[in-house]
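**Q** I have a structure I would like to understand better, so I am pasting it below and will then ask my questions one at a time.
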Amino acid sequence: MQQLKKLLIIGFVWPEPKSSAAGGRMMQLISIFKQNGFEITFASAAQDSDFMVDLSEFGVVKKKIELNSSTFDDFILELNPDVVLFDRFMIEEQFGWRVIEKCPKAIRILDTEDLHCLRTARQKAFKENRIFEAQNLLSEEVAKREIASILRCDLSLIISEFEMNLLKEVFKINQDLLFYLPFLVDEMKEEDLLKFPSFNDRKNFVFIGNFLHEPNWNTVQYLKELIWPSIRKDFPEAVLEVYGAYPSQKVLQLHQPKNGFYIMGRAEDANEIVKKARIVLAPIRFGAGLKGKLLEAMQCGTPSATTSVGSEAMHEGLPWNGFIEDNPTEFAKKAIALYQDENLWKQSQKNGIAIINKCYQQKNYSEKLIELTNSLLADSENHRLHNFMGNLLQHHAFKSTMYMSKWIEAKNK
C-alpha cells in the first residue's frame, strides 16, 4: 500500500473561516491537499481562539509549536514532512531555516494570502495623500522581506493576477516560482438565484469585514464620514448594518441608529446576513489581494458597490456585480439607484454568476496545484538548481535568522 504524503502547514493563526477570507482560503487549501491523499498536520504558535475551526473534524492533526525554540526541530524531524506550507512570509522567516536544516528535501510552499508589501505601500501612499505607483514598492522594507521569502521557497501561491504581474514585471521573479491561485468556489447557475430571498424580501445595505484588517476599518470610516451622509440625504430611510469580527472601541463608537448607521459586531453566519441584505457596500481605498466579501456577495446573489481597488483583479473585465466607483458623491448616487431599481439589481446578480463561473472555478486550479507539487517532489534538485537568487538568499538568511533565533532562545532560558 502506497504511503500517504505528509503536508505540514505552519499557520500564522489558527484558521477562522467565519472571521476572515484568509481563514476561508486556508480551509480551501486544506481541502485540496486532503482530497488528493495528503496526511495533514497544522502547526501554529498562535493562541487558541473561541472562533477557530476544529481541525480534527477535517482529519487534520493540530500541533502547538513555539517560536525561537529547538522543540520545533525535534517535532519536524519526527514528522519528516514531504511538503511544508508557510502561511504568510513572516512564518517562512521564522521557521524556514529550521525546515531547511532538519528536512532539506521537503518542498517549501509559501501562501502569501495577499502581497503584504502592496497593502503596506498603498496604505502609506493613502496616508500621505499621494497616488500609489508600483515603483514605490522597491523602497519598501516589507517588500524586501517578502520578496526574499518568495525567492527562498520552491513555490508561492499568489491570489491575484495583478500581484502576479507585479512580481514578474517589477520584481523580475521567475514564473516557475509562482502559481496563481484565486479563491475557489463551486459553479453557479441562474436557477440558483431562485433559492435566495428576492429583491422585495431583502432590505438594508451591509458591510462585512474583520476589523483586525486595517483596510476594513478605513472603509467603515469612509462610509461614516463621507458616503453615508450623502446616501441618507437623498434616501432618509436607508439603513447600513456594519458587521465584523474583533471590533475595537473606536469602531463601536460609530454606532448611530438615529442616522441609520448600525455597528452589529461579529456575524455568526456571514452568509445568511449577506443573503438578507439588498446591497453590499465596500468602498475600499487601499489593500491588496482579492476581496472575500465581494466574492461572497456574488455567491449570495447580493449586488455590491465597490471601488477600483476593491474590484482589482476580480472580474477579468466582465460587467461588475453592481458598480465600481471611486468618487464618493457618485458612489452614493449609484448605491441608491442600485438599491431602488429592481431590473438593475437583477442584472447585477446575473453579472455575479458570470464572474464566479469564469474566474473562480476550483476545477481550473486545484488539479494543477497538485500536479506542480508532485513534479517538485519528483525533481526538487533541478528546480532549486535554477533558482540561484533563492539559494543565495537562503545561504545568508539562514545564518542571520538562525543566530538571531538561537540568541533569543538562549536569552529566554
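The values are calculated or read from the model by the stated rules, or taken from the named source; none is laboratory data. Note that the coordinates shown come from a computational prediction; the quantities given were computed from them, not determined experimentally. When we count neighbours, we look across all protein chains shown, and the Cβ atoms used for this are built from the backbone with ideal geometry, even at glycine. These area figures cover heavy atoms from the full protein model, side chains too; ligands, DNA and RNA do not enter into them. Shrake-Rupley method; radii C 1.70, N 1.55, O 1.52, S 1.80 Å.
**Q** For the range 172-280, what is Rg from Cα atoms divided by 2.2 N^0.38 Å, rounded to two decimals?
**A** 1.34
**Q** For residue 203 and residue 3, what is the calculated FRET efficiency with R₀ set at 41 Å and r taken between the beta-carbons, to the nearest 0.05? Walk me through the intermediate numbers first.
**A** Working: r = 55 Å, r/R0 = 1.35.
That gives a FRET efficiency of 0.15.
**Q** At 1.4 Å probe size, what's the solvent-accessible area of residue 407? Round to the nearest 10 Å².
**A** Taking all protein chains as shown, residue 407 has close to 150 Å².
**Q** Using only the alpha-carbon atoms, how far is helix 366-378 inclined from the longest principal axis of the chain? Give it as 0 to 90 degrees, nearest 10.
**A** Between the helix axis and the principal axis of the chain, the angle is about 10 degrees.
**Q** Follow-up. Starting from the amide H of residue 115, placed 1.01 Å from N in the peptide plane, find each other amide H under 5 Å away whose residue is 5 or more places distant or on another chain.
**A** Under 5 Å from the amide H of residue 115 lie the amide H atoms of 289, each far enough along the sequence or on another chain.
**Q** In Å², and per residue, what accessible area does the chain have when probed at 1.4 Å with the other protein chains present?
**A** 46
**Q** Can you find, among 389, 76, 235, the residue sitting farthest towards the positive end of the charge dipole of the chain, where Lys and Arg contribute +1 and Asp and Glu -1 at Cβ?
**A** Towards the positive end, the residue furthest out is 235.
**Q** Pop a pseudo-label 7 angstrom from the Cα along the beta-carbon direction at both residue 385 and residue 36 and give the gap in nm to one decimal.
**A** Computed distance between label sites residue 385 and residue 36 equals 2.4 nm.
**Q** OK, next. In a solvent-free Debye calculation with one equal scatterer on each Cα, what is log10 I(q)/I(0) for the range 118-181 at q = 0.19, 0.28 Å⁻¹, listed in the order of the q values?
**A** Computed log10 I(q)/I(0) values: -0.72, -1.30.
**Q** Can I ask one more? What Kirkwood hydrodynamic radius, in Å, does the range 159-218 give when the mean of 1/r is taken over all pairs of distinct Cα atoms and then inverted?
**A** By the Kirkwood definition, the hydrodynamic radius is 16.0 Å.
**Q** If we restrict to alpha carbons, what Rg and Dmax does the range 219-336 come to, in Å?
**A** 13.7, 40
**Q** P(r) for the range 297-413, please, calculated from all Cα pair distances in 5 Å bins and given in %.
**A** 2, 9, 12, 12, 9, 7, 7, 9, 9, 10, 8, 5, 1, 0
**Q** Just to be sure I understand the model, the point goes 7 Å from the Cα along the line to the Cβ. What's the resulting residue 80 to residue 410 distance in nm?
**A** My value for the distance between the label points is 3.2 nm.
**Q** Oh, and also: Please work out the C-alpha center-to-center distance from the range 11-46 to the range 261-300 and express it in whole Å.
**A** 21
**Q** Follow-up. How would you rank 292-298, 264-270, 186-192, 25-31, highest first, on the average number of other Cβ atoms within 10 Å across their residues?
**A** With the highest mean Cβ count within 10 Å placed first, the list reads 292-298, 25-31, 264-270, 186-192.
**Q** Based on DSSP H runs of at least 4 residues, each adding -39500 (n - 2.57), what is the mean residue ellipticity at 222 nm of the chain after dividing by all its residues, to the nearest 500 deg cm²/dmol?
**A** Theoretical 222 nm ellipticity from helices: -13500 deg cm²/dmol.
**Q** Please give the charge dipole size of the chain, origin at the Cα centre, charges +1 on K and R Cβ atoms and -1 on D and E Cβ atoms. Round to the nearest 20 debye.
**A** 740
**Q** Rg and Dmax of the range 70-186, Cα atoms, in Å?
**A** According to the Cα coordinates of the range 70-186, Rg and Dmax are 15.8, 52 Å.
**Q** Charges on Cβ only, +1 for Lys and Arg, -1 for Asp and Glu, centred on the Cα centroid of the chain; of 297, 204, 38, which one is farthest towards the dipole's positive end?
**A** So the residue we want is 204.
**Q** Work the Kirkwood hydrodynamic radius out for the chain: mean of 1/r over every pair of different alpha-carbon atoms, inverted, in Å.
**A** On the way: mean 1/r = 0.0442 Å⁻¹.
Its Kirkwood hydrodynamic radius stands at 22.6 Å.
**Q** Roughly how much of residue 375 is accessible, in Å² to the nearest 10, using a 1.4 Å probe?
**A** Roughly 60 Å² of residue 375 is accessible to a 1.4 Å probe.
**Q** Next question, about the same structure. Using only the alpha carbon atoms of the range 266-332, find the Kirkwood hydrodynamic radius as the inverse mean reciprocal pair distance, in angstroms to one decimal. Kindly include the intermediate steps, with their values, before the conclusion.
**A** Working: mean 1/r = 0.0815 Å⁻¹.
One decimal place: 12.3 Å for the Kirkwood radius.
**Q** Using only the Cα atoms of the range 15-66, what do you get for the radius of gyration and for Dmax, in Å?
**A** Gyration radius and largest Cα-Cα distance of the range 15-66: 10.9, 30 Å.
**Q** Give me the compactness ratio for the range 43-128, meaning the Cα radius of gyration over 2.2 N^0.38 Å.
**A** 1.31
**Q** Using only alpha carbons, build the gyration tensor for the range 330-384 and give me the equivalent ellipsoid semi-axes, biggest first, whole Å.
**A** 45, 13, 5
**Q** On the protein heavy atoms, probe 1.4 angstrom, tell me the percent of accessible surface of the chain carried by carbon and sulfur. Kindly include the intermediate steps, with their values, before the conclusion.
**A** Details: 9680 of 18980 Å².
Here carbon and sulfur together make up 51 percent of the probe-accessible area.
**Q** Further question on the same structure: Would you list which lysines come within 23 Å of residue 350, measuring only between C-alpha atoms, while excluding same-chain residues fewer than 8 positions from it?
**A** Residue 350 reaches 189, 195, 203, 275, 276, 291, 293, 333, 334, 358, 363.
**Q** Between 54, 154, 114, where does the largest GNM mean-square fluctuation fall for the chain, given springs only between Cα atoms within less than 10 Å?
**A** The residue with the greatest mean-square fluctuation here is 54.
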